[in-house]
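Down below is the structure, laid out as structure tokens.
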Amino acid sequence: MDFNDFPYFLGMAGTVAFAVTAVLAVIPKGIDLFGACVMGIITAIGGGTIRDMILDVEVFWAKDLNYIWVSLIASIIAFYGNRLMTGKKTYKLMLYLDAVGISMFLIQSARKAIDLDFAMPVGPVLLGVITAIGGGVTRDVIAGNPSLLMKKELYAVPLTFGVVLYLFLLQLFPEVPPTIISTSCIFITFLIRASAIHWNLQVPKWMLLRQ
Amino acid sequence: MDFNDFPYFLGMAGTVAFAVTAVLAVIPKGIDLFGACVMGIITAIGGGTIRDMILDVEVFWAKDLNYIWVSLIASIIAFYGNRLMTGKKTYKLMLYLDAVGISMFLIQSARKAIDLDFAMPVGPVLLGVITAIGGGVTRDVIAGNPSLLMKKELYAVPLTFGVVLYLFLLQLFPEVPPTIISTSCIFITFLIRASAIHWNLQVPKWMLLRQ
Amino acid sequence: MDFNDFPYFLGMAGTVAFAVTAVLAVIPKGIDLFGACVMGIITAIGGGTIRDMILDVEVFWAKDLNYIWVSLIASIIAFYGNRLMTGKKTYKLMLYLDAVGISMFLIQSARKAIDLDFAMPVGPVLLGVITAIGGGVTRDVIAGNPSLLMKKELYAVPLTFGVVLYLFLLQLFPEVPPTIISTSCIFITFLIRASAIHWNLQVPKWMLLRQ
């Protein structure tokens, strides 16, 4: 745990975003403080937990409890401060933080799978996407909301693009330090997702069914 | 497996309660006997299975198949005897048995996490709560019912209180035999939850949002 | 991985069926291509992944990526070709392929549990059924559809019958080569399920509640 670490702070920002969006999603259902905290924590750590169970390694939050504390505190603040957060501006901020989170978790998880030489080259892609969306899908399923996978927003596309790009770049430029490639791919994934939020981009028509 | 063991019988009572409440929850959806049994078993062993997968240890029911047999038989009886069980008195009894189950599973799981020195001190709390509610959440999600986490009943609160108290007491009184502390905390958790059932207690207002 | 292997091809046919039925199930919800592929893959590999996590062994698709590729390609074809597939004849074909898949996965998983001597004799039955229905339940839960466990179709019954028969035959005829017993039980399970599809068989009345 290195507090001077920029990626570490980004990961925590993503954790905050996941917890907060989860609490905001379940508040209209009339949840109490404890339920909200459980939902916030499960959403924030759910994706990575599924990843680590599939990889058969120790769950990541067992080694660094900050993930739990940060999700807990973020959930409490989101619960009591929900009026502020559902304000349009704060909601947009949350969407951007969520974009930071999924971009980070996507590349981090792919990295973890690569380091373990897990089911190359499909494993890193699949685990990256599962980690990034796992928490959110769990949140929607427990809350009884339509899953984010079912929406027409550009959500799964930037993730898939970002992680496939990551694998290609690692392969094509073995001499470039991996950290530079990781950071670039996190940034690119975030940029596509952020553009989708900013300009309200929809999934291209050929990816939808003409009904 | 020790049939003279009082906690063991309590754990089985909890297993029965989990299986029965699951079957009663899905019967209005028009389920058949086999589906009901699968639901009953998944609910009864679901929470502990998730816990053991996170802890990366052998699932508890692999060592003691009684958990499966008891859930199976309880599910069959609940299925055919559902008219009796939905009676107000039997339903209340089920709620109390469920309270026994969650109190037992809560402290047992915290104990297991402590013994494995897993992510102290947050791990035992989180795993305790996840085990206690895991089966019920799975049940509600598969049945398409609103999750128990979403209800205003005093459910998550006694659990969190009980397991945090457990950790505090273990820390404060190292000279007291752990079994006494365990039993006390199971009893206290049950007592709070049972009071909530008996007097129909709701979550305190400051834990809800003034809407 | 042996392409000349008949069971291997059957398993792949089952994988195709699982992916395709998943995509067809979520298309009415207005999903895009990427979401459809994620749903298809999760449904196709979900049951086996849960099984391997419970057995605490490496997930099956890590060793043989064909499972992922086949689900991916099947999902894409199902997505764009959905008009053809929802045709009555193709839909029936899918139901039969699904029957092949669940019969295969059922017996394969029971076999795997037996080989690992896991929680005999209940473990193989439970893991067989969980693997066979796991993907489909996950699909229905994420898609927000009523779970297949809740339907009155003869679905869980042939599975339970097939896997219990498998264990009995292995016990009664130790001198018969296991492959013959496996193949017979896959065939019998498929036959019962296929009869249920063909003659639209319902769960026997004593397995339902007289309401």
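Shape analysis of the protein assembly as shown places it in the rounded category; the axes a ≥ b ≥ c from the Cα gyration tensor give an a/c below 1.5.
What the Cβ-Cβ distance of residue C:58 and residue A:165 gives, at R0 = 30 Å and to the nearest 0.05, is a FRET efficiency of 0.65.
The ranking of A:67, A:96 from fewest to most other beta carbons within 10 Å of each one's beta carbon is A:96, A:67. From helices alone, the protein assembly as shown scores -24500 deg cm²/dmol at 222 nm; the rule is -39500 (n - 2.57) for each run of n ≥ 4 DSSP H residues, then divide by the residue total. A point 7 Å from Cα along Cα→Cβ stands in for residue C:120, and the other copies hold the same point at 3.9, 3.9 nm, listed in rising order.
Evaluating 6.51 cos²θ - 1.76 cosθ + 1.60 at θ = phi - 60° for every residue in region C:113-123, the Karplus couplings come out as 5, 5, 4, 8, 6, 8, 6, 5, x, 7, x Hz, glycine and proline recorded as x. When C:127, A:191 are sorted by how many other C-beta atoms sit within 10 angstrom of their C-beta, beginning with the fewest, the order is A:191, C:127.
Place a +1 charge on the Cβ of each Lys and Arg in region A:6-204 and a -1 charge on the Cβ of each Asp and Glu, then give the dipole magnitude about the Cα centre in debye, rounded to the nearest 20.
Magnitude of the dipole: close to 780 debye.
Averaging Cα coordinates gives a centre for region C:60-78 and one for region A:174-195; these two points are 27 Å apart.
GNM remark for chain B: springs join alpha carbons under 10 Å apart, and the peak mean-square fluctuation among B:57, B:125, B:26 falls on B:57. Taking the C-alpha atoms only, the angle from helix C:33-55 to the longest principal axis of chain C is near 20 degrees. The alpha carbons of region B:6-207 give a radius of gyration and a Dmax of 16.4, 54 Å, in that order.
For region B:6-207, the relative contact order works out to 24 percent when only alpha carbon pairs closer than 8 Å and six or more residues apart are counted.
Among B:12, B:94, B:150, the residue with the largest mean-square fluctuation in a Gaussian network model of chain B, with springs joining Cα atoms closer than 10 Å, is B:150.
Going 7 Å from the Cα of residue C:202 in the Cα-to-Cβ direction, what parts of region C:111-145 have a backbone nitrogen less than 12 Å from that spot? Those under the cut-off are none; the list is empty.
Both the radius of gyration and Dmax for region A:93-141 are 11.6, 36 Å, in that order, over alpha-carbon atoms. With its label point defined 7 Å out from Cα along the Cα-to-Cβ axis, residue A:65 lies at 4.0, 4.0 nm from the matching points of the other copies, in increasing order.
All of the numbers you see were taken from the coordinates with simple rules; none came from a lab. In this text the structure is predicted, and so the values were computed from the model without any measurement. In this analysis, Cβ positions are derived from the backbone assuming ideal geometry, glycine residues included, and neighbour counts consider all displayed protein chains.
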